[in-house]
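Remarks on the structure that follows.
The values are calculated or read from the model by the stated rules, or taken from the named source; none is laboratory data. Just so it is clear, the structure is predicted and the values come from calculations on it, not from any experiment. Don't worry about glycine lacking a Cβ; one is built from the backbone with ideal geometry, like all the others, and counts go over all protein chains shown. These area figures cover heavy atoms from the full protein model, side chains too; ligands, DNA and RNA do not enter into them. Shrake-Rupley method; radii C 1.70, N 1.55, O 1.52, S 1.80 Å.
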Amino acid sequence: MITLKNIEKTYHSTEGLLKVLDIDFYQVAKGDQIALVGPSGSGKTTLLNIISGVVAPTAGEVIVDDIRVDLLKEEEKDKFRAEKIGYIFQSFHLINSLTALENVMLPMLFAANKDKKQQQMVAKELLDKVKLSHRLNHKPTNLSRGEQQRVAIARALANEANLILADEPTGNIDYTTGMKVFDLLQNLCVKNNVTLVMVTHSQEFKSRFSKVVDIRDINKAIKIGEEATQWEF
Amino acid sequence: MGILKVVMSNLGNRRFSSALTTISVAIGVTLLIAILILSSALYQGAVFQGGGYDMIVGPKGSATQLILSTVFHYEVPIGNIDYEVFRKLAADERVTKAIPLALGDNYRNYRIVGTDSTYFMEKEDENINGVIATGRFYEEVGEVVIGHMVAERGGLKIGDKFVGAHGVGDGIGGCSHDHHNEDTSATDPHHNDTHHAHDLEYIVVGILEPQNNTDDYIIFTPVESVWEAHDIHASHQTYYHYKNEGYHLQEEHEEHHEHHEHHHVDKPELTAILIQGRDIVSLATLKTAIEADTHYPAQAAFVAVVLRQLLKVLGDGAMVANVLAYISIIIAALSILISLMSSMAERRKDVAVMRMLGASKNKVLTIVILEAVVITVIGILIGIIGGHTLAHWIGRHLQHAAGIYVNALQYWQGEGITVITVLMLGLLSGLIPALTVYRTEPTKFIDN
Ligand SMILES: Nc1ncnc2c1ncn2[C@@H]1O[C@H](COP(=O)(O)OP(=O)(O)O)[C@@H](O)[C@H]1O
Ligand SMILES: [Mg+2]
């Protein structure tokens, strides 16, 4: 599903060059569920963004679903993201002016592969799956955090993405609710054979994954023990 | 869901500022459209009204005032000229048509104008009753034919009798004799009898077809009625009769002078003469001749020349108004810009999220531009309705005050350009904020 070859990412900062990522080779199989762990600043988010094509690697190859993401043109990357990737953020990032239903329809608008009726039907189904059928026309500000993240999960699944990238999706939700949201996400991914890469800090969640990857094990740019000084936030 | 839905919900989320910016666009467009309609209508009206005549002969003084007071029945007349001037001109071979005008009194501020049937006729053999909607044309002194608005608003109908009030009235923008300039009072026959109520009783014998010009607000009567009202008892027959008979106009005068304490002119006079000439050369020599005559002093003004000057003034006025209206539109565009820019901080995050979800740069660009365009288009639509309504409303007052007919409920040339210009400005005001989000790097505005 995902293959990373000789990935390097270097940022230019005022203090000079900052190498954030240096990965020789890493692969994720289709349908896998991976917990990506590592301290703050160890490049987890950057890695997800490189996989989705939002951030271009300084060097190396990114292959997702047999597509060389790093070689795609800007518009092709947009299309690729809309069709193949579902994103879930720590702070949900729903569009506040749109209702829950419309938020779920949004990626379908960008993928432009369904008519309005179909969009609405699919969005309703998805919101039903995340148990929000009774909240279709609510604006995000009128939803609880747990509900907002469930809308975000439905949105991530909108275009039948086969890869979901979740960046600390429960980080802003209380433990019990977070657990429920996580269960939902994991089950939906299993049911739909969707590959899931989820960044998490929580020990609880790690234990629920069959594969846990500490980014420091694959990222040569950072060594265990160094992060506290070098990557302090 | 379409892109417009996203746009509309964004606008809906900022209801107050969206409404304000829409209103500011609507006000600007209202002004632009109203000014366009009114200036075009005034221009057309002026050209249309002054169209028929080449030259106006009247007392010496301001040519503009002469034309305004005779052609447009606007402003007070300068004074009078001797009837002899008309006699000479009517007989002059350089003149193809000479129409006498004698401005008399007013009835409820509707001017009473003495003239003959040639005033209404394009061709000599035309049937005068073609211009009459009901009744017939006047034949006797004291008979009047009224403009259709006089009938409608002044409440006069056929058979009604009335007595004129002194002065030309201000219904058509003129002012009463009380406000007369000192320099015109010398030639003003009514100077000393401001409060004199005249005895001549007018009778309505006909109502004119709508002319869509100042004539709709005028009461027409034979020239002799005007004289009669001012105690120049020339004749109780109309001009048509005596014109061929070498009529003696002054014979009854002496007697009347003794009966009144007021000073009256002792000979028939006219306010102006409308002239159509044989050709431009004839008119030019005629003008020189008229103005050289010291015995019967008069001026001859070319309608086209004065009209051009008037229209230039009108055009300048419209231009100033237009500039102001465009300034208001630019302010409206700026307010769209400011409103969009001020919402950009929060919008940046939305845009970044949308980009992460796969929205192309062009889509987010379109969304922001469309927000400006939607506001502009709604503003324009309101403005078009508002502009026509405003012009219609002002037009009705104008029609009453100046007799210029404004048809505000039609498309006027130039509206299309105005709308496109405003649309472009709206587009521009959306483009600047749109470009700032266009360049937004999605990851920079997403905190994880
Ligand atoms: N756009 C950027 N420009 C410069 N430095 C960046 C940028 N994005 C991330 N970084 C740096 O890269 C490092 C890795 O960040 P990130 O991928 O967000 O780590 P994590 O998600 O593991 O906390 C951090 O030191 C961060 O400051
Ligand atoms: Mg992170």
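Can you report the number of residues in region A:18-42 which are within 9 Å of ligand 1 (Cβ to nearest atom), surrounded by 16 or more Cβ atoms within 10 Å (Cβ to Cβ), of a type outside the set (S, T, N, Q) and more than 18 Å from A:THR3 (Cβ to Cβ)? Residues in region A:18-42 being within 9 Å of ligand 1 (Cβ to nearest atom), surrounded by 16 or more Cβ atoms within 10 Å (Cβ to Cβ), of a type outside the set (S, T, N, Q) and more than 18 Å from A:THR3 (Cβ to Cβ): 4 in total. Within region B:376-396, can one find any residue that is among the hydrophobic types (A, V, I, L, M, F, W, C), closer than 29 Å to B:MET1 by Cβ, open to solvent by 20 Å² or more (accessible area, probe 1.4 Å) and within 14 Å of another protein chain (Cβ to nearest Cβ)? No, region B:376-396 has no match at all.
Looking across region A:55-88, just one residue is more than 10 Å from chain B (Cβ to nearest Cβ) and of a type in the set (Ser, Thr, Tyr), and that is A:THR58. In region B:399-414 there is no residue matching the filter, namely being modelled with pLDDT under 85, within 14 Å of chain A (Cβ to nearest Cβ) and surrounded by fewer than 21 Cβ atoms within 10 Å (Cβ to Cβ).
Within region B:417-447, being within 14 Å of chain A (Cβ to nearest Cβ) and either within 28 Å of B:ILE33 (Cα to Cα) or open to solvent by 70 Å² or more (accessible area, probe 1.4 Å) (or both) holds for B:ARG439, B:GLU441, B:LYS444, B:PHE445, B:ASP447. From the list A:LEU4, A:LEU101, the one residue that fits, being touching an Asp or Glu at 6+ places or on another chain (Cβ under 9 Å) and modelled with pLDDT of 95 or more, is A:LEU4. A single member of B:ILE290, B:ILE336 is closer than 30 Å to B:LEU435 by Cβ and hydrophobic (A, V, I, L, M, F, W, C), and it is B:ILE336. Residue check: is B:ARG347 within 16 Å of ligand 1 (Cβ to nearest atom), part of a helix (DSSP H, G or I) and buried (at least 22 other Cβ atoms within 10 Å of the Cβ)? No, not satisfied.
For region A:54-70, indicate whether the set of residues that are at pLDDT below 95, open to solvent by less than 20 Å² (accessible area, probe 1.4 Å) and either closer than 27 Å to A:PHE182 by Cβ or within 16 Å of ligand 1 (Cβ to nearest atom) (or both) is non-empty. So far as region A:54-70 goes, yes, one or more of its residues are at pLDDT below 95, open to solvent by less than 20 Å² (accessible area, probe 1.4 Å) and either closer than 27 Å to A:PHE182 by Cβ or within 16 Å of ligand 1 (Cβ to nearest atom) (or both).
Of the set (1) farther than 21 Å from A:ALA56 by Cβ; (2) under 21 Å from the mean Cα position of the chain (by Cα), all apply to A:ILE85 but (1). For region A:191-209, the tally of residues that are under 18 Å from the mean Cα position of the chain (by Cα) and either within 15 Å of ligand 1 (Cβ to nearest atom) or not in a helix (DSSP H, G or I) (or both) stands at 13. Assuming A:LEU48 fulfils every condition listed in (1) open to solvent by less than 10 Å² (accessible area, probe 1.4 Å); (2) more than 12 Å from ligand 1 (Cβ to nearest atom); (3) within 10 Å of another protein chain (Cβ to nearest Cβ); (4) not charged (D, E, K, R) apart from one, which condition is it? Here A:LEU48 clears every test but (2).
Yes or no: B:TYR240 among the aromatic types (Phe, Trp, Tyr), out of contact with any Pro (no Cβ under 9 Å at 6 or more places or on another chain) and either modelled with pLDDT under 80 or assigned to a loop (DSSP other than H, G, I, E, B) (or both)? No: the conditions fail for B:TYR240. Does region A:117-139 include one or more residues that are open to solvent by less than 10 Å² (accessible area, probe 1.4 Å) and under 16 Å from the mean Cα position of the chain (by Cα)? No. Exactly one residue out of B:LEU32, B:LEU36, B:LEU11, B:LEU20 is within 14 Å of chain A (Cβ to nearest Cβ), within 22 Å of B:ILE331 (Cβ to Cβ) and outside any strand (DSSP E or B), and it is B:LEU11.
For region A:4-17: of the residues being within 15 Å of ligand 1 (Cβ to nearest atom) and in contact (Cβ under 8 Å) with a residue 24 or more places away in the chain, which is surrounded by the fewest Cβ atoms within 10 Å (Cβ to Cβ)? Quick ask: steps written out before the conclusion?
Step one: list which residues in region A:4-17 are within 15 Å of ligand 1 (Cβ to nearest atom), which gives A:4, A:7-17.
Checking which are in contact (Cβ under 8 Å) with a residue 24 or more places away in the chain leaves us with A:4, A:7-10.
Numbers: A:LEU4: 24, A:ILE7: 25, A:GLU8: 17, A:LYS9: 23, A:THR10: 15.
For region A:4-17, the residue satisfying everything is A:THR10.
Here B:VAL25 does not qualify as open to solvent by less than 10 Å² (accessible area, probe 1.4 Å) and within 14 Å of another protein chain (Cβ to nearest Cβ). The residues on offer are A:GLU75, A:GLU61, and the sole one that is free of Cβ contacts under 8 Å to residues at least 40 places away in the same chain and away from ligand 2 (no atom under 16 Å from the Cβ) is A:GLU75.
Under the condition of being part of a loop (DSSP other than H, G, I, E, B) and touching a residue at least 60 places away in the same chain (Cβ under 8 Å), which residue from region B:96-121 is farthest from the chain's Cα centre (by Cα)? Before you say what the answer is, go through the steps one by one.
Within region B:96-121, the subset part of a loop (DSSP other than H, G, I, E, B) is B:108-109, B:115-116, B:121.
Next cut, touching a residue at least 60 places away in the same chain (Cβ under 8 Å) only: B:108-109, B:115-116.
Numbers: B:ARG108: 21, B:ASN109: 18, B:THR115: 22, B:ASP116: 25 Å.
If we take residues in region B:96-121 being part of a loop (DSSP other than H, G, I, E, B) and touching a residue at least 60 places away in the same chain (Cβ under 8 Å), then B:ASP116 is farthest from the chain's Cα centre (by Cα).
Restricting attention to region B:351-362, and to residues there that are open to solvent by less than 50 Å² (accessible area, probe 1.4 Å) and in contact (Cβ under 8 Å) with a residue 40 or more places away in the chain, which single residue is farthest from the other protein chains (Cβ to nearest Cβ)? Talk me through it step by step, then tell me what you get.
Residues of region B:351-362 that are open to solvent by less than 50 Å² (accessible area, probe 1.4 Å), as a first pass: B:351-360.
From what is left, the residues that are in contact (Cβ under 8 Å) with a residue 40 or more places away in the chain are B:351-353, B:355-356.
Working: B:VAL351: 10, B:ALA352: 8, B:VAL353: 4, B:ARG355: 7, B:MET356: 5 Å.
Filtering region B:351-362 for residues that are open to solvent by less than 50 Å² (accessible area, probe 1.4 Å) and in contact (Cβ under 8 Å) with a residue 40 or more places away in the chain, the one farthest from the other protein chains (Cβ to nearest Cβ) comes out as B:VAL351.
Consider A:SER91 carefully, then state whether it is within 16 Å of ligand 2 (Cβ to nearest atom), within 30 Å of A:ASP174 (Cβ to Cβ), more than 9 Å from chain B (Cβ to nearest Cβ) and open to solvent by 20 Å² or more (accessible area, probe 1.4 Å). No. Taking first residues from region B:428-444 that are under 12 Å from B:ILE367 (Cβ atoms) and partners that are of a type in the set (Gly, Ala, Ser), the Cβ contacts under 6 Å between residues at least 6 apart in sequence or on separate chains come to B:GLY430/B:ALA372. Among the residues making up region B:267-288, those that are of a type in the set (A, V, I, L, M) and open to solvent by 50 Å² or more (accessible area, probe 1.4 Å) are B:ILE280, B:VAL281. Total residues in region B:135-165 satisfying the condition of being assigned to a loop (DSSP other than H, G, I, E, B), farther than 26 Å from B:ARG396 by Cα and open to solvent by 30 Å² or more (accessible area, probe 1.4 Å): the figure is 5.
From B:VAL6, B:VAL85, which residue is within 14 Å of another protein chain (Cβ to nearest Cβ), open to solvent by less than 30 Å² (accessible area, probe 1.4 Å) and at pLDDT 85 or above?
On the way: B:VAL85 fails: within 14 Å of another protein chain (Cβ to nearest Cβ).
Unique residue meeting the criteria: B:VAL6.
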